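Okay, structure first, notes after.
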Amino acid sequence: MIKTTNKTNGKVSFFLKETYKSLKLKPSKESMIMINVYLFGYRTRKSTGYRCSLNQWDLKKKQLKTGKARLGNSYEVNNFLLGLKTFVEKEISKYLLTPESFNINEFESKLKHKIKGIEFKKDIKTSNLLIDHSEKVVESKSDTIKVVSQRSLKQTIRLLALFEKQELSYGERIYLKDVDLSFYRKFKRFLEKNNYSMNTVGKHIKNLKSFMQDALVNGICDNQKFKNREFKVLKEDTTQIYLNEEEIEQLAATDLNEFPMMDRARDIFLIGCYTGQRVSDYNGLTKDNLVTLQGRKFIEIRQQKTKAQVLIPVTTKIQNILIKYDNNFPEKMSEPVLRHNIKEAARRSILNKPIKVQYTKGGKLIIKEVKQFKLVKTHTARRSFCTNYYMKQKPIQDIMAISGHKTEKMFYNYLRMEPIERALAIADSDFFD
């Protein structure tokens, strides 16, 4: 007869996975028989591999009924459950004698092997948990990577934990050795099921690969299956707009005096349109960034991302903004507040022409029309600068000297022209002369 074993810091019992309330409505419905172990504050639940209905389950003894209505293999199943209980009790007794030797991951692996009837062999290299290792990677990089990168890596870890909880059997964990093409496909489907876009799915796959690469390089795990060509980082081009010079002028001329925060956000954004910098560089400029060379005023920036130093002439449009703020730049804003107010400023500037967008979300291609202002982002400023000066047929190397792009390939990724605009630009050039 199987009873619940109560000891200091440890106990074991069996139960049916489906709730008693749901099974009572359908007493003949089969449910998985689960083992529940509580040990040193950790709770582990695993499937025993056997099923039965509420009619066949002895609620008091926590085993299959053995009366006249018993199942043909009830004694066999009960002996198996008793064997599991005995095994767990011995492990509990062992850990109670030497608590310092307790390792929840090792115990869960032992229990899993026992249920499957496989001999357990302790292997330090393959016993590492993916999430534990990933957390250590983020912690070790906390002083060397940007906050936004840390946030991205932590989001991936959170989703891996959610995947464990929702997609695996209770208490089952993901080990570094388990990350293969099968896991890749399951994790990808899980992200799509949770309605993430293709590029977001790709971002988390990329982070996952970086965790695995760290484990491989540091000799923690020899799993290289993540390097398979099918274990790929998904990516698609999304609709990224730019504002032409007329639209930028329209935004600059919009009266926002009644909305000080929006007014300042608009001016910060305009600085980005006139300088071609990333938001991390154009948001937060101060007087210290102004230098004079041979009688000409320049903005001197050491770009945060690339550490490249760029010099940008202070144009009349930039100077007008400086005058508005007592010969200084607008005060820096937090990026969430900046993004929100830029969109609002664009909306009030009537940047609302319909734009067709398409992207993949939840594994499905979505095509729809949205108002232009909804697509205006902090990065739109940089794209606008590059595209507008390219349309003016300015030398690409000169534009790159200001934007800080290292290669023409990277630069061309920023151009956002419609086919008609590109054709007109070519026609106005000396291409066919």
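Every number here is computed from the coordinates shown, using simple stated rules; none is lab data. Note that the structure is a prediction, hence the values are computed from the model and not measured. Ideal geometry is used to build each Cβ from the backbone, glycine not excepted, and the neighbour counts take in all protein chains shown.
The mean sequence distance of close C-alpha pairs (under 8 Å, at least 6 residues apart), as a share of the length of the chain, puts its relative contact order at 11 percent. Here the 3J(HN,Hα) profile of the range 152-160, calculated from phi with Karplus coefficients 6.51, -1.76 and 1.60 at θ = phi - 60°, is 5, 5, 5, 5, 5, 4, 4, 6, 5 Hz, Gly and Pro shown as x. Normalised by the number of residues in the range 245-406, the average gap of Cα pairs under 8 Å and 6 or more apart makes the relative contact order 28 percent.
Close amide H pairs (under 5 Å, H built 1.01 Å from N) link W57 with K65, residues at least 5 positions away or on another chain.
Residues with beta-carbon under 14 Å from that of K324, excluding K324: net charge, scoring Lys, Arg +1 and Asp, Glu -1? Every neighbour counted, the sum reads -2.
The computed percent of Cα pairs over 44 Å apart for the structure shown corresponds, within (i) 37; (ii) 7; (iii) 11, to (i). Counted by Cβ distance under 11 Å from N199, the other residues give a net charge of +2, where Lys and Arg count +1 and Asp and Glu count -1. A cut-off of 5 Å between modelled amide H atoms, ignoring neighbours fewer than 5 places along the same chain, links Y50 with I33. For the peptides 148-158, 192-202, the ranking by mean Cβ contacts within 10 Å, running from highest to lowest, is 192-202, 148-158. The phi torsions of the range 376-388, fed into the Karplus equation with coefficients 6.51, -1.76 and 1.60 and a -60° offset, translate into couplings of 6, 10, 4, 6, 4, 4, 5, 5, 5, 4, 4, 5, 5 Hz, rounded to whole numbers, with Gly and Pro shown as x. Packing-based ranking of 106-114, 13-21 yields 106-114, 13-21, ordered from highest to lowest mean Cβ neighbour count within 10 Å. Put simply, the amide H of Y175, placed in the peptide plane, has neighbours under 5 Å in L130, leaving out anything fewer than 5 places away on its chain.
For the chain, the longest principal axis of the Cα atoms and the long axis of helix 104-116 meet at an angle of about 60 degrees.
Coupling constants for the range 339-347 follow from the phi torsions by the Karplus curve (6.51 cos²θ - 1.76 cosθ + 1.60, θ = phi - 60°), and in residue order they are 4, 4, 6, 5, 4, 5, 5, 5, 5 Hz; glycine and proline get x.
Distance between the C-alpha centres of the range 362-398 and the range 23-59: 56 Å, rounded to the whole angstrom.
Shown here is the pair-distance distribution of the range 5-122: with all Cα-Cα distances grouped in 5 Å bins from zero up to the longest one, the shares run 2, 11, 21, 21, 18, 13, 8, 4, 2, 0 percent. Between the helical axis of 260-275 and the longest alpha-carbon principal axis of the chain there is an angle of about 70 degrees. For a straight C-alpha distance cut-off of 19 angstrom, the lysines reachable from K136 (same-chain residues fewer than eight places away being disregarded) are K125, K146, K154, K177, K206, K209.
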